[in-house]
1. Based on what the data block shows, is G33 of a type outside the set (D, E), in contact with a strand residue (DSSP E or B) (Cβ under 8 Å, 6 or more places away or on another chain) and at positive phi?
2. Return a yes/no flag: does the range 7-28 have any residue that is in contact with a Lys or Arg (Cβ under 6 Å, 6 or more places away or on another chain) and in a strand (DSSP E or B).
3. In the range 87-104, what residues are part of a loop (DSSP other than H, G, I, E, B) and at pLDDT 90 or above?
4. Considering only the range 48-67, state which residues are in a helix (DSSP H, G or I) and either of a type in the set (V, I, T) or open to solvent by 90 Å² or more (accessible area, probe 1.4 Å) (or both).
5. For the range 17-38, give me the residue count where each residue is under 10 Å from the mean Cα position of the chain (by Cα) and either within 22 Å of R97 (Cβ to Cβ) or of a type in the set (V, I, T) (or both).
6. Quickly run through the range 68-78 and pick out the residues that are surrounded by 15 or more Cβ atoms within 10 Å (Cβ to Cβ) and acidic (D, E).
7. Does R26 fit the bill of being in contact (Cβ under 8 Å) with a residue 12 or more places away in the chain and surrounded by 14 or more Cβ atoms within 10 Å (Cβ to Cβ)?
8. Anything in the range 29-61 that is touching a Phe, Trp or Tyr at 6+ places or on another chain (Cβ under 9 Å), in contact (Cβ under 8 Å) with a residue 12 or more places away in the chain and not β-branched (V, I, T)? List them, or say none.
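The values are calculated or read from the model by the stated rules, or taken from the named source; none is laboratory data. Treat the numbers as computed from the prediction; the structure is a model and nothing was measured. Here the Cβ is made from the backbone with ideal geometry for all residues, glycine too, and neighbour counts use every protein chain on show. Remember, those area values only see protein heavy atoms, side chains included, never the ligands or the DNA or RNA. Shrake-Rupley method; radii C 1.70, N 1.55, O 1.52, S 1.80 Å.
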Amino acid sequence: MEAKLNLEVRTGSGKGVARKLRRAGRAPGVIYGAGGDNVLVSMEARETLLLLREVPVEDTIFELSLDGGRVERARVREVQVHPYRSQLLHVDFLRVRANAPEAD
């Protein structure tokens, strides 16, 4: 299964930057793996949380549209959600190689 998600590349990292993003309704994240560089991203928190609840996360390859038209394919490695609020805190995406076979 595939799903699409729009992300923005971010430059800052750390607790202060993450708090500012969350106050603005966004959630921080990172894309890593497959021999590529780590890319710090942010996403619309509510939209992403709703998408993650409706698709089977373990079996889904996400098509991530970044700023500038670049597209990455990745799986969700880890999702951090607030323990008692419905708030997305952080998402880790593991990049999928273009020539890697997909599992059925």
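1. Spelling it out, G33 is indeed of a type outside the set (D, E), in contact with a strand residue (DSSP E or B) (Cβ under 8 Å, 6 or more places away or on another chain) and at positive phi.
2. No, the range 7-28 has no match at all.
3. So the first thing to find is which residues in the range 87-104 are part of a loop (DSSP other than H, G, I, E, B), and the list is 87, 96-104.
Listed by number, the residues that qualify are Q87, V96.
4. First, pick out the residues of the range 48-67 that are in a helix (DSSP H, G or I): 48-54, 57-59, 67.
The answer is T48, R53, E54, V57, E58, D59.
5. Selection size over the range 17-38: 3.
6. Here is the first cut: in the range 68-78, the ones surrounded by 15 or more Cβ atoms within 10 Å (Cβ to Cβ) are 72-77.
Hit for the range 68-78 is E72, nothing else.
7. The answer is yes for R26.
8. Residues satisfying the conditions are G29, Y32, G33, L51.
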